[in-house]
Amino acid sequence: MKAAVVVFPGSNREHDVAKALERASGSAPKLIWHGDAGLDDKYDLIVLPGGFSYGDYLRCGAMAAHSPITRDIIRQASSGTPVLGICNGFQILTETGLLPGALMRNASLKFASRYVTMRVEATNTMFTSRYKAGQELSVPVAHGDGNYFADDETLDRLEDEGRVAFRYVKGQNPNGASRDIAGILNAKRNVLGLMPHPENATDPLLGSTDGKALFDSLASAIS
Amino acid sequence: MKARVTVMLKSGVLDPQGKAIEHALNRLGFSGVSDVRQGKVIELDCAETDQKKLHSQLAEMCEKLLANTVIENYAIEIRPS
């Protein structure tokens, strides 16, 4: 697997996700600074890691969504390259329009940093094939703006097309997200965005290994 | 020319910050305050001197960056300097 992890000023989970990918696939992804010469076509997975790109100025992910390297990401996502956006990466993906909807301030107005339980809703994806349908995962969240919003028409379409990948189980929604949505796919199912951090649930030392299968799924789909 | 863009959450989109401000105002004794909404004001100094052209430029800026039209509306004011 040749994976690229794109690093913006303020990204902070790039090493966590790089480690999780390396463990699953046996090869270390390349960390690519946003300002370096673009993103060529040689990568078979692009990851947008968690963090606070550009200090969350204007809106979370808004500045990164217009960074020159993001034009390459949009082009490659559109031609089918798998793209994974975690937390701030998910926010960036909605700001670029690669994923529908928006991530708003948590309904509680509080930063949520804890383990939550989410359910796997879609297993027919390259990101989730190693999970069982309905499997419940213990994963950490760490965000202030994870309140997924989309109009009812968009939400219905996501549900009808099986594009809700992960959903917080009842009573575990940390941010007020519409229909308890934790992660969604694009129509072609090659772009996944999610607020929880599966990369931080890949070692018993971290309290959970439930995120591991996501990276195993990717490694077996791409290899 | 100077321009001012106001970005507000669309009505119907929950604004928890507005709600928190409203509760705080009520607690301070300002009763009769409701539907408090919080938004952003962005001021710009623009070289364009044609009001119509500037307006369409600003609208494009809003659509592309200044507002997220999934959740936000924007209003443009232009003040000839």
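The values are calculated or read from the model by the stated rules, or taken from the named source; none is laboratory data. Please read these numbers as outputs of a predicted model, since none were measured by experiment. A quick note on method: Cβ atoms are made from the backbone with ideal geometry, for glycine too, and the neighbour counts reach across all protein chains shown. Keep in mind that these areas ignore ligands, DNA and RNA; they rest on the heavy atoms of the full protein, side chains included. Shrake-Rupley method; radii C 1.70, N 1.55, O 1.52, S 1.80 Å.
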**Request:** State whether the residues of the range A:96-111 include one that is assigned to a helix (DSSP H, G or I) and open to solvent by less than 70 Å² (accessible area, probe 1.4 Å).
**Result:** yes
**Message:** Report every pair of residues separated by at least 6 positions or lying on different chains whose Cβ atoms are under 7 Å apart, first residue within the range B:52-66 and within 11 Å of chain A (Cβ to nearest Cβ), second surrounded by 15 or more Cβ atoms within 10 Å (Cβ to Cβ) and aromatic (Phe, Trp, Tyr).
**Reply:** B:66/B:74
**Prompt:** If you scan the range A:55-82, which residues turn out to be open to solvent by 10 Å² or more (accessible area, probe 1.4 Å) and away from chain B (no Cβ under 12 Å)?
**Reply:** A:55, A:56, A:68, A:71, A:72, A:74, A:75, A:78, A:79, A:80, A:81, A:82
**Request:** Look at residue A:51 and say whether it is on the phi > 0 side of the Ramachandran plot and touching a helix residue (DSSP H, G or I) at 6+ places or on another chain (Cβ under 7 Å).
**Result:** yes
**Message:** Cβ-Cβ distance below 6 Å, separation of 6 or more or different chains: which pairs start in the range B:31-50 with a residue that is under 14 Å from residue B:73 (Cβ atoms) and end on one that is open to solvent by 50 Å² or more (accessible area, probe 1.4 Å) and at pLDDT below 95?
**Reply:** B:38/B:17
**Asked** For residues in the range A:116-166 being of a type in the set (Lys, Arg) and under 24 Å from residue A:80 (Cα atoms), which is surrounded by the fewest Cβ atoms within 10 Å (Cβ to Cβ)?
**Response** A:157
**Message:** Return the residues of the range B:9-35 that are touching a Leu at 6+ places or on another chain (Cβ under 7 Å), outside any helix (DSSP H, G or I) and surrounded by 15 or more Cβ atoms within 10 Å (Cβ to Cβ); say none if nothing qualifies.
**Reply:** B:15
**Asked** Has the range B:1-8 got any residue that is within 14 Å of chain A (Cβ to nearest Cβ), open to solvent by 70 Å² or more (accessible area, probe 1.4 Å), at negative phi and of a type outside the set (Ser, Thr, Tyr)?
**Response** no
